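The values are calculated or read from the model by the stated rules, or taken from the named source; none is laboratory data. A quick note: this is a predicted structure, and the numbers were derived from the prediction, not measured. Note that we place each Cβ from the backbone using ideal geometry, even for glycine, and neighbour counts take in every protein chain shown. To get the accessible areas, we keep the full protein, side chains included, count just its heavy atoms, and leave off ligands, DNA and RNA. Shrake-Rupley method; radii C 1.70, N 1.55, O 1.52, S 1.80 Å.
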Amino acid sequence: MASDLEQISAHINEKIGNIKKILSLRSCGQEPNLKTVLNKIGDEIITVNELLNKLELEIQYQEQTNTSLKELCDSLEEDYKDMQHLKDNIPPHLPQVTPRTQNCVSASDLDSEEPVKVEEPACIKKPPKEVRNIKEMPFITSDEFNGIPAYMKCRLTYCQINDVIKEINKAVLGKYKILHQPKKSMSSVARNLYHRFIDEETKDTKGHHFIVEADIKEFTALKVDKRFHMILNILRHCRRLSEVRGGGLTRYVIT
């Protein structure tokens with residue numbers, strides 16, 4: 001009980017002290033000498049308040065900038081990891097860059113007094129016979145792979161699809177090398193394959209390169225299974241091949 005009375009007494013005394021301070025300040029405000037001082041203090045308080053508002057806005061801007069920089073740093077770290085992963089996992093089927101030799105004469109050689117001798121080739125090769133181009137299937141790009149529907153891809157990877165393309169090109173190359181080979185130089189096995197290739201041609205495949213499942217088994221180690229046919233569906237979706245059916249045989253035409 002005594003403690004409660006002491007708290008009430010202290011509270012009342014505090015209020016009385018505040019009232020006395022207000023009355024003294026009020027009386028001070030009535031004096032003309034102090035009015036100018038109080039007005040200056042009021043102006044300075046307004047100026048300080050404006051500076052505090054500007055400082056608060058600057059702090060908010062710096063916090064937003066700091067957050068953006070952290071997000072940018074995280075994004076750069078992810079990009080770096082992706083680039084490092086691509087560097088460490090370059091697909092084996094990408095074409096290798098071969099440096100070209102340039103035959104050029106430097107400026108110092110041209111300025112020399114000795115004339116430049118042009119050596120004629122020892123022998124001029126005869127122009128080669130007409131070379132028949134064998135059409136190959138282009139590899140799937142990363143953008144095309146990303147555009148393949150998920151139900152088609154299942155768990156197939158970018159490299160797995162391009163590995164199958166590589167084997168299909170091997171089968172096409174093996175088949176048409178035999179078709180372009182002179183008959184006199186053919187072995188009995190090659191001659192039998194040649195006749196099969198001719199029998200499989202139709203009016204719809206004329207002028208096009210195509211293979212059948214027997215060619216896959218003949219020239220590659222691929223298994224003609226469910227996974228293989230899933231990849232064929234993807235290649236058909238990406239317009240790498242089309243199918244021509246007839247005579248109980250499916251022909252895969254390179255487009």
All positions within segment 131-153 that are of a type outside the set (A, V, I, L, M) and closer than 24 Å to I211 by Cβ
R132, N133, K135, E136, P138, F139, T141, E144, F145, K153
Residues in segment 212-221: is at least one part of a strand (DSSP E or B) and open to solvent by 40 Å² or more (accessible area, probe 1.4 Å)?
no
